[in-house]
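Visitor: Below is one structure. I have some questions about it.
Every number in this text was worked out from the coordinates using simple rules, so none of it is lab data. Quick caveat, the model's predicted, so the values are computed rather than measured.
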Amino acid sequence: MKVRSSLKSLKSRDRNCRIVRRKGRVYVINKVNRRFKARQG
């Protein structure tokens, strides 16, 4: 899990990436390719 200040570039790396908001934090998750994970905040 990477902590980033901007998640826009990580979202465009793979087309299965989703941006999810949980508990005031923004996460990038990918069900197909699980190495694309990041959080912001």
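Visitor: Only helical DSSP H runs with n ≥ 4 go in: add -39500 (n - 2.57) per run for the chain, normalise by residue count and round the 222 nm mean residue ellipticity to 500 deg cm²/dmol.
Guide: Only helices count here, giving -1500 deg cm²/dmol.
Visitor: With both partners inside the chain, how many of the DSSP beta bridges are antiparallel, as a percent to the nearest 5?
Guide: 80
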